[in-house]
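So the structure is just underneath, and the comments pick up after that.
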Amino acid sequence: MPDNNKQTYEDKFEVIDNEIRKRYYKWHLHALAWLDFDDVSQIIRAHIYNKWDQWDQSRPIEPWVNKIISNQLKNILRNNYSNFARPCVSCKHNQSKEQAAGQVSNLCSLTSSGLQSDECPDYAKWYKTRKQAYDIKIPVSLETNDFDRHTSPEDHYKIDKAVNHMHLKMRQYLNDRHYIIYKMLFIDYIDEELVAKVLGYKSNEKGRKAGYKQIKNLKNFYKKIAKRICLETDIFFE
């Protein structure tokens, strides 16, 4: 039988909420616009609720709750920032830990340039494996030129233009019959079953659509040609 004397999460909600709010000024990750302390509080409350049966109710709740809060704050910080942050943040060569007004924010005593860069093996590894994830997590300031420095015209592709280039190239590589079929499938987007009927394809397999194998083989053929074109030409910038 359930113990009716046991206290529920709702019974201790005010105590829990008070302990969480005490940590408000310890949350310093304000760079994430989509995750503020209210969101963090909700995550912690949900975690405490899910772990409620682990509280030994013969003991005060505050130490148990505070241990969970501390662990969750560390986990949230790790998952949303530390895993993606530059290694420079905790590096002994970082000269910008206590940044003064107007000071460059990426100074380094290790590199010859005096700046945090891929001269450092740790930075180079981070740039290669985690930089993109970091950029997604942390918004770029509108007051800096970081976006301009880290992008170039080559980063932006006109997909429609590239598709048209591919169609033109396919016309050069295919004979008339193969191009007509290609056009029906990939330009006019005609249903495969209808294309098979137009071409007079049939199927001897029970439950298979007419021309199933022939259409599949043709698509694989076109795929190989397209790969060859991509290797030989740059369809994005022709």
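The values are calculated or read from the model by the stated rules, or taken from the named source; none is laboratory data. Being a predicted model, the structure only gives us computed values, none of them experimental. Using ideal geometry, Cβ is built from the backbone for each residue, glycine included, and neighbour counts are taken over all protein chains shown.
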Check your understanding: For residue 131, are the conditions met, namely being of a type in the set (Lys, Arg), surrounded by 11 or more Cβ atoms within 10 Å (Cβ to Cβ), over 30 Å from residue 6 (Cβ atoms) and at pLDDT 80 or above?
Key -> no
Revision key, fill the gap. Apart from one, (1) free of Cβ contacts under 8 Å to residues at least 60 places away in the same chain; (2) loosely packed, with under 15 Cβ neighbours inside 10 Å all hold for residue 233; the odd one out is (1)
Check your understanding: Among the residues of segment 63-78, is there at least one that is at pLDDT 80 or above and farther than 28 Å from residue 40 by Cα?
Key -> no
Revision key, fill the gap. Scanning segment 195-231 residue by residue, those over 15 Å from residue 166 (Cα atoms), of a type in the set (A, V, I, L, M, F, W, C) and modelled with pLDDT under 90 turn out to be 195, 196, 198, 199, 210, 215
Check your understanding: Does any residue in segment 30-41 that is under 13 Å from residue 76 (Cα atoms) and surrounded by 13 or more Cβ atoms within 10 Å (Cβ to Cβ) come within less than 8 Å, Cβ to Cβ, of a residue that is of a type in the set (A, V, I, L, M) and modelled with pLDDT under 65 six or more places away or on a different chain, and which pairs are these?
Key -> 32/138; 35/29
Review point. Mind checking which pairs have a first residue in segment 44-58 that is within 20 Å of residue 77 (Cβ to Cβ) and a second that is part of a loop (DSSP other than H, G, I, E, B), Cβ under 9 Å, 6 or more apart or different chains?
Key: 44/23; 45/9; 48/9; 48/55
